[in-house]
Amino acid sequence: MKKDFLKRTMATGLVAAMALSTAACGSSTSEETNTDAAATTPETPATEAAAATEAAATDDGSYENCTLTMSWWGGDTRHEATLKAIEAFEAAYPGITVEPTYAAWDGWEAKMATAFAAGTAQDVNQINWNWITQYDNDGTAFLNLNDYSNVIDFSQIDSTYLDMCTASDGSQAGIPISMTGRIFYWDKTTFDEIGCEIPTTLEELKACGEKFAAYGDDYYPLALGEYDRMILMVYYLESVYGTDWVTDGQINYTTDQIAEGLQFIQDLEDAHVIPSVATIAGDGAASLDQNQNWIDGHYAGIFEWDSSASKFASAAEGREIVVGDYLTDLGEYQGGYAKVSMCWAISATCEHPKEAALLVNFLMNNEEAAQILGSERGVPVSQIALKTANDAGLLNGQVVEANGKVLAWVSNSLDPKFEDSQLKSSDGVYYDVMAGLSYGDYTVEEAAQTLYDGVTAVISQ
């Protein structure tokens with residue numbers, strides 16, 4: 001049941017409201033900002049890539065002059081660093097030109113989904129970990145990077161992380177860039193102004209809600225969007241019950257237990273810990289880091305990816321943003337999960353896959369690239385990149401601190417379909433349930449059943 005969901009999503013959309021020139025590697029068209037990934041030039045036959053794979057079986061250091069296309073999403077600092085890394089690659093490999101396509105996250109996955117389906121994605125792509133399951137389940141969207149093991153130095157990366165990036169046919173569809181998880185960040189400037197200690201327990205967090213409400217109706221110790229609420233709810237349930245959210249295509253929680261988790265979220269809203277979904281929508285920002293209430297300290301906390309520290313801290317310029325701790329009184333287990341933050345993948349339609357593999361290896365394992373990229377995509381899992389950036393003092397201190405706390409705390413695993421677009425997109429199940437509960441369109445029991453049914457339908461596909 002989706003009560004008034006269309007009405008809510010339309011209202012939220014109103015508030016929140018790639019292409020490249022044809023290249024020797026990959027197919028695309030050009031526009032001024034290079035942000036349309038769904039190009040319209042002819043698809044490159046996968047058989048040509050297969051022939052190139054055989055040619056790359058042994059690496060003698062040679063390569064062909066060509067033009068590669070490359071895509072990624074992110075903020076301005078990531079864009080700037082990646083463009084500099086591309087310049088360094090082109091200097092190291094004269095004759096190879098890289099044409100970039102990049103933008104912010106908003107709307108990015110939809111564009112890339114179209115491009116993957118049409119065979120028009122760029123040659124080298126920054127991808128989310130779950131895209132392997134969603135868009136390359138049969139191993140036909142991305143090349144098997146194992147075929148380029150003489151070009152890409154896999155020894156720098158833990159095999160556990162590599163195994164997370166394999167397709168169902170066992171091919172190495174992506175190479176992990178970093179690991180990430182969600183953790184609290186707090187605006188200490190606001191907490192100090194209000195006279196509240198940084199919370200480390202749920203009891204303390206709710207007490208902060210009372211103090212913030214007394215200080216001003218528009219001040220909240222924490223702000224959560226719909227997807228943030230879903231992740232925090234799962235963290236709560238895993239802390240209470242110690243069981244992964246989903247295992248082997250099956251939800252491990254009953255509707256009664258899910259209702260308990262949803263009540264936990266609703267209690268935060270009722271206790272003035274978090275603003276309602278309608279309140280955040282009314283702020284008119286596309287994301288929390290762009291929300292003026294985060295920027296000026298009215299929203300004094302977030303539950304975000306550890307790799308997002310610099311983005312949120314930069315947005316709140318002049319304010320002291322600190323990495324928090326996990327709440328210790330939710331249950332007897334250490335809930336939460338870590339996952340591959342993002343990967344590099346090579347499209348199956350790439351005409352020069354060996355040269356694309358050279359680019360991937362450069363971005364992953366080259367010391368100069370490591371110094372340029374630092375922790376723009378999180379703390380690197382490549383041993384040489386991590387050592388190089390760390391020795392040079394180039395890793396963002398907050399990112400390192402947050403990542404260390406995540407990996408030391410979390411104990412649960414994440415099913416790849418948790419991030420399926422049918423669930424996490426702005427018209428997906430998570431948004432429907434969390435917005436419906438906040439708006440009062442669902443009771444807790446109705447929301448729990450809707451969430452259970454929606455997730456079950458997706459993971460059973």
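Among the candidates Thr388, Thr450, Thr456, single out the residue that is among the β-branched types (Val, Ile, Thr), within 30 Å of Gly249 (Cβ to Cβ) and surrounded by 18 or more Cβ atoms within 10 Å (Cβ to Cβ).
Going through Thr388, Thr450, Thr456 in turn, the sole match is Thr450.
Please enumerate the residues belonging to region 307-327 that are in contact with a Leu (Cβ under 9 Å, 6 or more places away or on another chain) and closer than 14 Å to Val399 by Cα.
If the condition is that a residue be in contact with a Leu (Cβ under 9 Å, 6 or more places away or on another chain) and closer than 14 Å to Val399 by Cα, then Phe312 is the only one that fits.
May I ask you to verify whether Ala223 is out of contact with any His (no Cβ under 8 Å at 6 or more places or on another chain), among the small types (Gly, Ala, Ser) and closer than 30 Å to Ala259 by Cβ?
When the stated conditions are applied, Ala223 passes them.
Looking at (1) surrounded by 17 or more Cβ atoms within 10 Å (Cβ to Cβ); (2) outside any helix (DSSP H, G or I), find the lone condition where Ala286 falls short.
(1)
What is the one condition in (1) under 22 Å from the mean Cα position of the chain (by Cα); (2) modelled with pLDDT of 95 or more; (3) among the polar types (S, T, N, Q) that Ser276 does not satisfy?
Answer for Ser276: the failing condition is (1).
With the condition kept exactly as written, say whether any residue in region 369-382 is in contact with a Pro (Cβ under 8 Å, 6 or more places away or on another chain), crowded, with 17+ Cβ neighbours inside 10 Å and either in the same structural domain as Asp306 (by TED's automatic domain parsing) or within 19 Å of Ser159 (Cα to Cα) (or both).
Yes, some residue in region 369-382 is in contact with a Pro (Cβ under 8 Å, 6 or more places away or on another chain), crowded, with 17+ Cβ neighbours inside 10 Å and either in the same structural domain as Asp306 (by TED's automatic domain parsing) or within 19 Å of Ser159 (Cα to Cα) (or both).
Restricting attention to region 330-386, which residues are under 21 Å from His79 (Cβ atoms) and in contact with a Gly (Cβ under 6 Å, 6 or more places away or on another chain)?
Once the filter is applied, which keeps residues that are under 21 Å from His79 (Cβ atoms) and in contact with a Gly (Cβ under 6 Å, 6 or more places away or on another chain), region 330-386 yields Ser341, Cys343, Ala345.
Would it be correct to say that Glu401 is surrounded by fewer than 20 Cβ atoms within 10 Å (Cβ to Cβ), out of contact with any Leu (no Cβ under 6 Å at 6 or more places or on another chain) and over 30 Å from Glu368 (Cα atoms)?
Considered against the rule, which asks whether it is surrounded by fewer than 20 Cβ atoms within 10 Å (Cβ to Cβ), out of contact with any Leu (no Cβ under 6 Å at 6 or more places or on another chain) and over 30 Å from Glu368 (Cα atoms), Glu401 comes out as no.
Any idea which of (1) in contact with a strand residue (DSSP E or B) (Cβ under 7 Å, 6 or more places away or on another chain); (2) at pLDDT 95 or above; (3) of a type in the set (S, T, N, Q); (4) under 30 Å from Phe154 (Cβ atoms) is the one Thr456 doesn't satisfy?
With (1) in contact with a strand residue (DSSP E or B) (Cβ under 7 Å, 6 or more places away or on another chain); (2) at pLDDT 95 or above; (3) of a type in the set (S, T, N, Q); (4) under 30 Å from Phe154 (Cβ atoms) applied to Thr456, the lone miss is (4).
Mind checking which helices (runs of 4 or more DSSP H) fall wholly inside region 104-178 and carry at least 1 residues that are surrounded by fewer than 19 Cβ atoms within 10 Å (Cβ to Cβ) and out of contact with any helix residue (DSSP H, G or I) (no Cβ under 7 Å at 6 or more places or on another chain)?
108-118, 159-163
Any chance region 214-224 includes a residue that's of a type in the set (D, E, K, R), assigned by TED's automatic domain parsing to the domain that holds Gly331 and outside any loop (DSSP other than H, G, I, E, B)?
Scanning region 214-224 turns up no residue that is of a type in the set (D, E, K, R), assigned by TED's automatic domain parsing to the domain that holds Gly331 and outside any loop (DSSP other than H, G, I, E, B).
Going through Leu330, Leu288, Leu359, Leu268 one at a time, which residue ends up being of a type in the set (A, V, I, L, M, F, W, C), in contact with a Leu (Cβ under 9 Å, 6 or more places away or on another chain) and within 21 Å of Ala104 (Cβ to Cβ)? Before you say what the answer is, go through the steps one by one.
Working: Leu330 fails: within 21 Å of Ala104 (Cβ to Cβ); Leu359 fails: within 21 Å of Ala104 (Cβ to Cβ); Leu268 fails: within 21 Å of Ala104 (Cβ to Cβ).
Leu288 is the lone residue from the list that is of a type in the set (A, V, I, L, M, F, W, C), in contact with a Leu (Cβ under 9 Å, 6 or more places away or on another chain) and within 21 Å of Ala104 (Cβ to Cβ).
Any residue that is under 30 Å from Trp245 (Cβ atoms) and among the small types (Gly, Ala, Ser) - is there at least one of those in region 345-363?
Taking every residue of region 345-363 in turn, at least one turns out to be under 30 Å from Trp245 (Cβ atoms) and among the small types (Gly, Ala, Ser).
Could you say which residue among Thr243, Thr247, Thr254 is of a type in the set (Ser, Thr, Tyr), modelled with pLDDT under 95 and out of contact with any Lys or Arg (no Cβ under 8 Å at 6 or more places or on another chain)?
Among Thr243, Thr247, Thr254, only Thr247 is of a type in the set (Ser, Thr, Tyr), modelled with pLDDT under 95 and out of contact with any Lys or Arg (no Cβ under 8 Å at 6 or more places or on another chain).
Of the residues that make up region 412-422, is at least one aliphatic (A, V, I, L, M) and at pLDDT below 95?
Looking for residues that are aliphatic (A, V, I, L, M) and at pLDDT below 95, one finds at least one in region 412-422, hence yes.
The values are calculated or read from the model by the stated rules, or taken from the named source; none is laboratory data. Small disclaimer: the values here were computed from a predicted structure and weren't measured. For neighbour counting, all protein chains shown are included, and Cβ atoms are generated from backbone atoms with ideal geometry for every residue, glycine included.
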